[in-house]
Each structure stands twice: as structure tokens, then as C-alpha cells.
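Bear in mind these aren't lab numbers, they're just calculated from the coordinates by the rules spelled out. Not measured: the values here are computed from a predicted model. So basically every Cβ, Gly included, is an ideal-geometry build from the backbone, and we count neighbours across all protein chains shown.
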Amino acid sequence: MTHHEHPSHNSPQKAARNASRWNYGMGAAQTGISIVTGNVGFAVEATHNMADGASFGAKASAMEEGITPEKARRKRNIAATILATTAFTGIGLGANQIVFDGKEDATVVALSLAVSGAAINTAIARRTHAAHHDHHHDGAPHGHAHDAHSDSKLHTLTDAGTGWLYVIGLTLEHKLPGAANYAVLVNGGLTGASAAATFRQIRKSDRVKTLEAHKEHSHE
């Protein structure tokens, strides 16, 4: 099956749009969960998911057919900036909890909700990962629109990872008080690393396009 024959329902762009909708919904739900449980971790996850919704929307726009390289680059930068902002939120709130000895609710109900959120993020990651690989083919032109697929793949994998790390933190909370707070702090760092990796990939895309332009010019 060639690249053009892949079914549209499995396109990376649609996967990113769906990820955006799911994350907005999860963000709203986790805001409520944070209010009920008082857990900073859920508040950070809610902020993260709301930011994810906007970020995935920007990535989907960067994948649109016919989009100019300049606009695709701008969309990718917006997505990475949103991630970076969320990372600072997670790091700040996690550090605040540690310094002031804040306690996370680690009851069975809170843990079950955390597991549910992590499971949904994992499902989104798997779908986005599959869509990326379904549409990848040898000889595909690299550029901001094409490389936005890789941004989306990296982002979803990070989301799944942070969700399960918070689950681990809550699970260990009874034996290691404060473990959940450190999980929130580490999650902020992982999100920051994802944003940094996206910024590096954007610069790499710029270099590739510059080299291609030089090659084309030298052949003329």
C-alpha cells in the first residue's frame, strides 16, 4: 500500500485532532478531580492536558496539506512553547509541595482516577504512534509539516509516561511519604525535556531545508 492509499481515518493529522479533543476533555475532568481530592498532581495533569489540547491542535495545523513552511514552523513553535510553559507549572507546584510538606490524597479512589487518566493517555499515544508509522514512507520529504508528525509522536509518549509516573508516586505514597510530590516535580521536568526536544527538532528541520536549498541552487 502506498502512502496515498492509506485510509484517511488513520491520518496523523486526524490523530492529532482527536488527541486534542481527548486532552481538553481530560483536562476538564481532572480539574474537577483536583478540586474534590485536593491533589496538586491532578491540578498539574489538568493544566497539562488543557495545554496538550492546544498543542496537538497546533501540530495538526502544521500537518495540513499545502501549508507554507513558515506557517508550519510557527505552529510547531507554538506547540513547543505551550509544553514549556506547562513544564514550569509542574516543576513549580511540585517543588512547592516538597518545600511546604504538602500531602497528596493517595486513597484507592484517587489512585484509580490516576490510573484511568494514564490509561487514556496511553491509548491516545498508541493511536498517534500508529498513525505516524502508517503514513511514514521512505523518501518522504523532511520539513516542518512532515516533522510535525514526529513532534506529535514524542508528545503523546511523554504524556503517557507522566501519567504512569504519577500513578507510581501515589502508589508509593503510603510507604514513602512525599513520593507523589516528587513524581509531580519529575513530570514537570519530563514535559520540559519534551519541549526542548521539539525546539531542537525545529532547528534541525531548518538546517535540513537550508541544505536542500543550497543543493538545489548549486545544481542550477
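Please give the length that would be gained between VAL109 and ASN18 if that part of the chain were fully extended, namely 0.36 nm times their separation in residues minus their C-alpha to C-alpha distance (nm, one decimal). Intermediate values should be presented prior to the final figure.
Numbers: separation 91, 0.36 × 91 = 32.76 nm, distance 2.75 nm.
Difference between extended and current length: 30.0 nm.
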(request) Rank-order 34-45, 152-163, 115-126 by packing density, defined as the average count of other C-beta atoms within 10 Å over each peptide's residues, highest first. (result) 152-163, 34-45, 115-126
(message) Taking θ = phi - 60°, what integer Hz values does the Karplus form 6.51 cos²θ - 1.76 cosθ + 1.60 yield along segment 116-130, in sequence order, with x for Gly and Pro?
(response) 4, x, 5, 5, 5, 4, 5, 4, 4, 4, 5, 5, 5, 4, 5
(request) For ALA193 and ASP101, compute 0.36 nm times the residue count separating them, minus their Cα-Cα distance, and round to one decimal in nm. (result) 30.5 nm
(message) Once R0 is set to 35 Å, what does the formula 1/(1 + (r/R0)^6) return for the Cβ-Cβ distance between LYS175 and VAL36, expressed as a FRET efficiency to the nearest 0.05?
(response) 0.90
